[in-house]
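Readers should treat all values here as calculations from the given coordinates under stated rules, not as data from a laboratory. Note that the structure is predicted; figures quoted are calculated from it, not measured. In this analysis, Cβ positions are derived from the backbone assuming ideal geometry, glycine residues included, and neighbour counts consider all displayed protein chains.
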């Protein structure tokens, strides 16, 4: 028996046929000694299982239509995103907390504003996919900001301390690096917004068209999604930048050398 | 030269498990040039960082004009005790933007004439005023750092090997500027140097730090005079000179 999920023999055949690409990639990897066959197989099986499980979980949540379940899923998304983001800057203290808080607040603000203006309704069918997109973009922004500030502050420590020595407070001394980090986090989103539809059709729109929606309806939703993601990236980037910059200074406007901890 | 402007009492500093400074008790007179010498890692730069409060000492006190520096507003203190680093950091913008950095933090605007005056004090040519600061040579950058620190009108200037990256001509120029400032405006200079010859040229008094402790502290004559100087300091000086000579002897 084939589970309903696959939508019958034809659908299952389509699914399996699409896996041909993975086989081709594995063959090329072996031919070119790229040594990626094992990773490819793991990634393929893992993504298959993950997506099926998510599919069943979403079916369940959609059927229940319980706000607590919806919020619960968003909390799980934010937590995983925050921890993933912080894994890139292990040396930064409280990175995980900064990741979760900035992505969480960024998501609440973005989704909250959309709900407030009645753009979407608080139903799992709207909130979960929208929340997923917001959290995904916010995660990228948080990662870029945390890694950017961490690297820039260390490389530019002399400039920052020279400004402190001239009587600048912590914020004034690190303003250039702070702005640069936010800018670098926002540029990919701004560029994507500029070229949307010209270089590639964005995910939400593609999905809707494939699912049978009219291109115009898909475009309408995509516009909302793009603007929403600009908001998510901005909110999260700003919060992550503020929280990250704060970890580098004490209240006496001294640059904290985190490498000292290694000596203790 | 007169009253004490800076004084340390049993100052100690640790970083993690590492002891950087131990029991430093010295006083610095208003308008004097104190040169701090010692081997690498002796704690010379760390002492300056404590004066400017870029770092907090672990124990002891530092008095500035007889007030404990921890009781003074830290940003004001840093303006009054200026610091020039070994490697100068140039900020974005022009030479004028760099010089105005400190005053601008307090919403003060420097007039064109005042900027030129500060540039002249640091022997920077007036036509550099609108030049992008990143285009300056090493010597010009260091003189810009001095002008930028002077714009805050400090009463003490901490100098962390300000000439170590400069050629002999630029070194002498910077030395002349700083001594001239001391003579004309009574600026007190605490000058970290790796060159004993430089200490002989510019110092009123010399502090020899070794292993984070005061090894010798006194006048140049008492410590570095070839005939009458302190045996230990002269032995140290000879060691430094010998090491220096290795690189330049044919």
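From least to most packed, judged by other beta carbons within 10 angstrom and beginning with the fewest, B:194, B:134 follow the order B:134, B:194.
Here the simple spin-label model places points 7 Å from the Cα toward Cβ, and for residue B:19 and residue A:79 these points are separated by 4.8 nm.
In this rough spin-label picture, where each label sits 7 Å from Cα along the Cβ direction, the residue B:137-residue A:250 distance is 4.2 nm.
In chain B, the calculated helix contribution to ellipticity at 222 nm averages -11500 deg cm²/dmol per residue, counting -39,500 (n - 2.57) for every DSSP H run with n ≥ 4. Considering helices alone, the calculated mean residue ellipticity of chain A at 222 nm is -25500 deg cm²/dmol, with DSSP H runs of length four and up weighted by -39500 (n - 2.57) and normalised per residue. Full extension of the segment from residue B:86 to residue B:219, taken as 0.36 nm per residue of separation minus the current Cα-Cα distance, would add 45.4 nm. The angle between the Cα long axis of helix B:138-150 and the main principal axis of chain B comes to about 80°, on a 0 to 90 degree scale. FRET efficiency for the pair residue B:10 and residue A:113, taken as 1/(1 + (r/R0)^6) with r the Cβ-Cβ distance and R0 = 51 Å, rounds to 0.30. As a calculated quantity, the FRET efficiency between residue A:71 and residue A:42 at R0 = 25 Å, using C-beta atoms, amounts to about 0.20. Relative to the longest principal axis of the Cα atoms of chain A, the long axis of helix A:95-116 makes an angle of roughly 60 degrees. Counting only alpha carbon atoms, the long axis of helix A:175-195 and the longest principal axis of chain A meet at about 20°. Counting 0.36 nm for each residue step from residue B:67 to residue B:113 and taking away their Cα separation leaves a gain of 13.1 nm. For the segment A:166-175, counting C-beta atoms of other chains within 10 Å of every residue's C-beta and taking the mean gives 5.
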